[in-house]
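The values are calculated or read from the model by the stated rules, or taken from the named source; none is laboratory data. Predicted model, so just to flag it, every value in this text is computed and none were measured. Cβ: placed from backbone, ideal geometry, glycine included. Neighbour counts: every protein chain shown.
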Number of protein chains: 2
Amino acid sequence: MSSAIGKMPAVAVSSPAASGQHILKNSRRENFPGWYREVIDAAKLAEDSIVPGCMVILPLGVEVWNQVKAQFGEMLRRGKCSHDYQFPLFIPSSLFAQEAEHVAGFAKECAVVTHHRMMVDGSGKMVPDPTAKLDEPLIVRPTSETIIGESFRGWIRSKKDLPRLVNQWCNVIRMERATRPFLRTTEFFWQEGHCAFATEPEGRANALKMAQAYETFMTQVCALPVILGEKSPGERFAGAVQTFTLEAMMQDGKAVQSGTSHYLGDNFARASHIQFTDGDGEKKYAHTTSWGISTRLIGSMIMTHSDDNGLRLPPRIAPVHVVIIPSGSGAKADKKAIRDAYIPRVEALFAGQRFEDREISIELDDRDEKELNAGEKGWDALKKGTPIRIEIGPREAQRETVTISRRDKDLSEKVEVPITDIASYVIFALGEIQQTYFRQALAYREALTRTDILTPEAMRAYFADPANIGFVRGKWCGDKSTEETFKDLSVTIRCLPLDQSGTNGICILTGRPATIDAIFGRSY
Amino acid sequence: MSSAIGKMPAVAVSSPAASGQHILKNSRRENFPGWYREVIDAAKLAEDSIVPGCMVILPLGVEVWNQVKAQFGEMLRRGKCSHDYQFPLFIPSSLFAQEAEHVAGFAKECAVVTHHRMMVDGSGKMVPDPTAKLDEPLIVRPTSETIIGESFRGWIRSKKDLPRLVNQWCNVIRMERATRPFLRTTEFFWQEGHCAFATEPEGRANALKMAQAYETFMTQVCALPVILGEKSPGERFAGAVQTFTLEAMMQDGKAVQSGTSHYLGDNFARASHIQFTDGDGEKKYAHTTSWGISTRLIGSMIMTHSDDNGLRLPPRIAPVHVVIIPSGSGAKADKKAIRDAYIPRVEALFAGQRFEDREISIELDDRDEKELNAGEKGWDALKKGTPIRIEIGPREAQRETVTISRRDKDLSEKVEVPITDIASYVIFALGEIQQTYFRQALAYREALTRTDILTPEAMRAYFADPANIGFVRGKWCGDKSTEETFKDLSVTIRCLPLDQSGTNGICILTGRPATIDAIFGRSY
């Protein structure tokens, strides 16, 4: 894979990794999966748990997710997209079974609760009590269309009960075999929106609107240059009529579906009997949508932005914008004076200062110097992806300055800034970092997207070489039966971008005439 | 029960219910459980789901819980009490079985996952796939001591790894038979803190400190006059050495344990092998604590503060402080002018205004007048417990005033306030309402607490009369075997208040000499 990563465009290589030096043991180039794990370990985002496929999410990981919740939640509120509810974790299996395709899609990997009591058996072992078997097994929700549909059925009677705009932030369970922290885990956290409308156009418009809301959030807040597109039939959500997706390219060239929005037609309405009496007195089925983003988005951000020194967090999503690190040698009394007077003075200069929608978040790393010196604190902040590090020592105190390092710049690049300018300097730098991460990721994706592959033969030859990674943007004839043509190479249709050229060409799966633009690639 | 509620002290009877009129069908006096349900229905806090014992929490319920999370979460951060983590929903049954008392306490009512796949059987029914049985059953967490203990075991090696201060906000499952919305449900939401310390005094101090943090939060933010006390041995958490509780009295005289904090000794550390090497080189077990508040607290607030007109929310916890209701008759053009110009002008006067730690939250009820007129909107806000209602119509616009009603005052009491004074008037009123709710609840509890019952005979005679509700504060000898003396009357020791008199007396369970002050009563 090294030659492929060698194609990384210059703009993306801003970190010391470019010169062969890096803090992490693994590099993206040499061992991408190992690097990903090490970024997560070094940043203390999450760790494995004793439960197969489940993580323990550590404070930084929880805080990043809380930022997603707070900021996307605010978008939902402001946009009057939905209200927050909490539906049960358990779904009775009969309810779950209502929608045939849905069952087929999820029954294979669901956690089933069958008993309501444990007991100690003859050998002293804890076992489910056979006398405490549930009448009906309960499914731990893998998604909530069916249980929310059941509420819709009760709530919706006439046209004036529509639209219903529901959202919940919750945990879901999918008993998958192969897992990877954040990207695919047995338990994950998400937001799931579920809406019901009177007509198909309203339903379709809602699915698109929410996909666009994700696009805005991911590009502007997460600095992810996602491609908004439609899923081909073979890649659609189980039970959906139309699925929108936000596809992001990771630094190993693979795609991550970072969010989805589905128009479900009246499939779930028919299954759940969600009917209303229309103005004309007729009973009609509602048209429903569902849309979600999950902790997988954190995986996308890690694999998109991080470098061989560890995590890089876009400032708008970073829980802490600025870490202050006391530094420099000197007498104990001088150090105390700096901590008691100069540092608080610097901190006070940020009071009420904002970057985008949030107050600037500052953290003083006041861990005992004997346990962790200033240099080590710097490495720690670097690995945690904190956008800005401020060092303050006797020299700075004397000169009324601070020394600033930025996570988007070379390790050796430090700037001394007079404290009179500090707030405006930091706000400006945060904006630059945010944009730099986005631009680097976009340039990287463009450099790894081929648009000059025009035939099935060229397509096979390209992906047959494992050094060739990334996306191919080419034509597809739209025939569902052709989707798995390159399944042997793990290459599939990632999406049909909404941004279509309208040109004619040749389907690179079949060689037939084709007009649809499609993104092909490997995926997580 | 009517005669008992007749003892309600005058101060608590500020609502129109006092004069026999009320909006709800049920009254506290006539049908307390029915009234509780109706308050929840009328406020749209939650409703039953298809899953036995599980609620659907509706937007107002979610928002109230979000206030608890935001405000108590902020207390935890400011107090450096803990960091937020997320641990797995599932606990392997072998891990769960480690602590004997704990198992005994929770195994009886836990949800057990035994399969990872469903299938359709011969008769077309969805059943757990017998070929997809888990090697080890998984327990859906009823509480997380064991799974967090497993992480502690890995994290803690030497004394410098202590203390570890962990918290998580999550859902938990207890398969209880009898449920009641918010107070006792199969699934509920909570915050569970888990801390590990090097020594017993640190552990005990932490359990007390967190109980005191709850006391502060409940009295100041939730307006609940809770009694902070210790649980007697029979009422302790399964596996705890010492349990602190926050006991609140509901308007039917029963106690609700609204929060708890446990010192677990080294019981869980021994079970989970949480050991550290001390300064003296010796291997020692850590001392752990756990502490939690849950959505049950919402149940406490409803049953403490609400009246026969519906919910009353303490302003500090109310998601919306002020609802603005367009009112009055007039030409369509005038109404439009009021909505487009005067109401926005009033709203702008609240910009940046704060009540306690939050910005004043205003909501305009702009639902179509034809569907819901101003009067009905007023009833709706009343039933939802919104602290302040502001009516604005042509009269107000012309006189540059608004008409204000308060949830703590009589329905007929309305005040016209010039808009120049509106923000200060509202901030002052919110403070008064907050204090009024607390004072009323405290006065009610004091009126329903007997301190003159001095013998077992008097005790039995008192509680044998079903008209006698509330608490008895009296002496207890401290003998664990006596705790269930009045179990036939459902009367138990609610707590041993920290505020002890130190006087000598006679145990009202046994007649023996006793010094401990205890609170006796019925409970949820």
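Out of curiosity, is residue B:461 surrounded by 15 or more Cβ atoms within 10 Å (Cβ to Cβ) and among the hydrophobic types (A, V, I, L, M, F, W, C)? Against the criterion (surrounded by 15 or more Cβ atoms within 10 Å (Cβ to Cβ) and among the hydrophobic types (A, V, I, L, M, F, W, C)), residue B:461 does not qualify.
Could you tell me which of the residues A:433, A:493 is surrounded by 16 or more Cβ atoms within 10 Å (Cβ to Cβ), in contact with a helix residue (DSSP H, G or I) (Cβ under 8 Å, 6 or more places away or on another chain) and either outside the structural domain of residue A:204 (by TED's automatic domain parsing) or assigned to a helix (DSSP H, G or I) (or both)? Steps first, answer last, please.
Values: A:433 fails: in contact with a helix residue (DSSP H, G or I) (Cβ under 8 Å, 6 or more places away or on another chain).
The match here is A:493.
For the stretch A:130-146, the condition of being touching a residue at least 12 places away in the same chain (Cβ under 8 Å), surrounded by 14 or more Cβ atoms within 10 Å (Cβ to Cβ), in contact with a helix residue (DSSP H, G or I) (Cβ under 6 Å, 6 or more places away or on another chain) and of a type in the set (A, V, I, L, M) holds for at least one residue.
Tell me, please, whether a residue that is within 14 Å of another protein chain (Cβ to nearest Cβ), among the basic types (Lys, Arg) and surrounded by fewer than 18 Cβ atoms within 10 Å (Cβ to Cβ) can be found in the stretch B:368-389.
Taking the stretch B:368-389 and keeping what is within 14 Å of another protein chain (Cβ to nearest Cβ), we get B:368, B:370-372, B:384.
So of that shortlist, the ones also among the basic types (Lys, Arg) come out as B:370, B:384.
This time we only want the ones that are surrounded by fewer than 18 Cβ atoms within 10 Å (Cβ to Cβ), so: B:370.
Scanning the stretch B:368-389, I find at least one residue that is within 14 Å of another protein chain (Cβ to nearest Cβ), among the basic types (Lys, Arg) and surrounded by fewer than 18 Cβ atoms within 10 Å (Cβ to Cβ), so the answer is yes.
Under the condition of being of a type in the set (A, V, I, L, M, F, W, C) and surrounded by fewer than 19 Cβ atoms within 10 Å (Cβ to Cβ), which residue from the stretch B:18-49 is nearest to residue B:310 (Cα to Cα)?
To start, the set of residues in the stretch B:18-49 that are of a type in the set (A, V, I, L, M, F, W, C) comprises B:18, B:23-24, B:32, B:35, B:39-40, B:42-43, B:45-46.
Restricting the remaining residues to those that are surrounded by fewer than 19 Cβ atoms within 10 Å (Cβ to Cβ) gives B:18, B:23.
Working: B:18: 14, B:23: 7 Å.
So, considering only residues that are of a type in the set (A, V, I, L, M, F, W, C) and surrounded by fewer than 19 Cβ atoms within 10 Å (Cβ to Cβ), the one nearest to residue B:310 (Cα to Cα) is B:23.
Scanning the stretch A:19-74 for residues that are within 24 Å of residue B:89 (Cβ to Cβ) and among the acidic types (Asp, Glu) yields a count of 4.
When you check residue B:298 against the structure, is it in contact with a Pro (Cβ under 6 Å, 6 or more places away or on another chain), assigned by TED's automatic domain parsing to the domain that holds residue B:159 and more than 30 Å from residue B:156 (Cβ to Cβ), yes or no? Step through it out loud before you land on a result.
On the way: in contact with a Pro (Cβ under 6 Å, 6 or more places away or on another chain): no; assigned by TED's automatic domain parsing to the domain that holds residue B:159: yes; more than 30 Å from residue B:156 (Cβ to Cβ): yes.
Judged against the criteria, residue B:298 is not a match.
Looking only at residues of the stretch A:153-163 that are within 22 Å of residue B:368 (Cβ to Cβ) and part of a helix (DSSP H, G or I), we find that the one that is nearest to the other protein chains (Cβ to nearest Cβ) is A:160. Would the stretch A:307-325 turn up any residue that is more than 23 Å from the chain's Cα centre (by Cα) and either surrounded by fewer than 16 Cβ atoms within 10 Å (Cβ to Cβ) or under 25 Å from residue A:192 (Cβ atoms) (or both)? The answer is no, given that none of the residues of the stretch A:307-325 is more than 23 Å from the chain's Cα centre (by Cα) and either surrounded by fewer than 16 Cβ atoms within 10 Å (Cβ to Cβ) or under 25 Å from residue A:192 (Cβ atoms) (or both).
On the basis of being among the hydrophobic types (A, V, I, L, M, F, W, C), under 29 Å from residue B:209 (Cα atoms), in contact (Cβ under 8 Å) with a residue 40 or more places away in the chain and crowded, with 21+ Cβ neighbours inside 10 Å, does residue B:89 make the cut?
Values: among the hydrophobic types (A, V, I, L, M, F, W, C): yes; under 29 Å from residue B:209 (Cα atoms): yes; in contact (Cβ under 8 Å) with a residue 40 or more places away in the chain: yes; crowded, with 21+ Cβ neighbours inside 10 Å: yes.
For residue B:89, the condition - among the hydrophobic types (A, V, I, L, M, F, W, C), under 29 Å from residue B:209 (Cα atoms), in contact (Cβ under 8 Å) with a residue 40 or more places away in the chain and crowded, with 21+ Cβ neighbours inside 10 Å - is met.
In the set (1) modelled with pLDDT of 95 or more; (2) over 30 Å from residue B:172 (Cα atoms); (3) not small (Gly, Ala, Ser), the condition left unmet by residue B:13 is number (1).
Just give me the residues in the stretch B:152-162 being out of contact with any Phe, Trp or Tyr (no Cβ under 7 Å at 6 or more places or on another chain) and in contact (Cβ under 8 Å) with a residue 40 or more places away in the chain, in sequence order. Full working, then the answer.
Going through the stretch B:152-162, the residues out of contact with any Phe, Trp or Tyr (no Cβ under 7 Å at 6 or more places or on another chain) turn out to be B:152-155, B:160.
B:152, B:153, listed by residue number.
Checking each residue in the stretch A:326-348 for being part of a helix (DSSP H, G or I) and surrounded by 18 or more Cβ atoms within 10 Å (Cβ to Cβ) picks out A:335, A:338, A:342, A:343, A:346.
Quick check on residue B:69: is it over 24 Å from residue A:189 (Cα atoms) and under 25 Å from the mean Cα position of the chain (by Cα)? Here the answer is no, as residue B:69 does not meet what is asked. Out of all the residues in the stretch B:453-472, is one or more without any contact (Cβ under 8 Å) to a residue 60 or more places away in the chain, closer than 26 Å to residue B:262 by Cβ and among the small types (Gly, Ala, Ser)? Taking every residue of the stretch B:453-472 in turn, none turns out to be without any contact (Cβ under 8 Å) to a residue 60 or more places away in the chain, closer than 26 Å to residue B:262 by Cβ and among the small types (Gly, Ala, Ser). Total residues in the stretch A:168-190 satisfying the condition of being of a type in the set (A, V, I, L, M) and either without any contact (Cβ under 8 Å) to a residue 12 or more places away in the chain or within 9 Å of chain B (Cβ to nearest Cβ) (or both): the figure is 3.
Candidates in the stretch A:75-132 are the residues that are more than 10 Å from chain B (Cβ to nearest Cβ), at pLDDT 95 or above and part of a loop (DSSP other than H, G, I, E, B); of these, the one that is nearest to residue A:203 (Cα to Cα) is A:81.
Counting only strands (runs of 3 or more DSSP E) that sit wholly inside the stretch A:230-289, those with at least 3 residues that are within 23 Å of residue A:494 (Cβ to Cβ) and modelled with pLDDT of 95 or more are A:242-249, A:255-263. Just one residue in the set B:405, B:424 is within 32 Å of the chain's Cα centre (by Cα), outside any strand (DSSP E or B) and hydroxyl-bearing (Ser, Thr, Tyr); that residue is B:424. Each residue in the stretch A:247-266 was checked for being surrounded by fewer than 22 Cβ atoms within 10 Å (Cβ to Cβ) and of a type outside the set (Gly, Ala, Ser), and 4 of them qualify. Is one or more of the residues making up the stretch A:248-255 farther than 22 Å from residue A:498 by Cβ and without any contact (Cβ under 8 Å) to a residue 24 or more places away in the chain? No, there is no match, as no residue in the stretch A:248-255 is farther than 22 Å from residue A:498 by Cβ and without any contact (Cβ under 8 Å) to a residue 24 or more places away in the chain.
Looking only at the stretch A:60-72, which residues are crowded, with 18+ Cβ neighbours inside 10 Å and within 11 Å of another protein chain (Cβ to nearest Cβ)? Please lay out each step first, then the result.
Going through the stretch A:60-72, the residues crowded, with 18+ Cβ neighbours inside 10 Å turn out to be A:60-65, A:67-68, A:71-72.
The answer is A:60, A:61, A:62, A:63, A:65.
Candidates A:207, A:223: the one that is in contact with a His (Cβ under 7 Å, 6 or more places away or on another chain), more than 24 Å from residue A:37 (Cα to Cα) and buried (at least 24 other Cβ atoms within 10 Å of the Cβ) is A:207.
For the stretch A:196-229, filtered to residues that are among the small types (Gly, Ala, Ser) and part of a strand (DSSP E or B), the residue that is nearest to residue A:315 (Cα to Cα) is A:229.
Hey, could you check the stretch B:366-388 for residues that are outside any helix (DSSP H, G or I) and within 23 Å of residue B:437 (Cβ to Cβ) and say which is farthest from the chain's Cα centre (by Cα)? Don't jump to the end; show me each part of the working.
Narrowing the stretch B:366-388 to residues outside any helix (DSSP H, G or I): B:366-373, B:384-388.
Then drop every residue that is not within 23 Å of residue B:437 (Cβ to Cβ), which leaves B:384-388.
Working: B:384: 17, B:385: 16, B:386: 18, B:387: 19, B:388: 23 Å.
Filtering first and then ranking leaves B:388.
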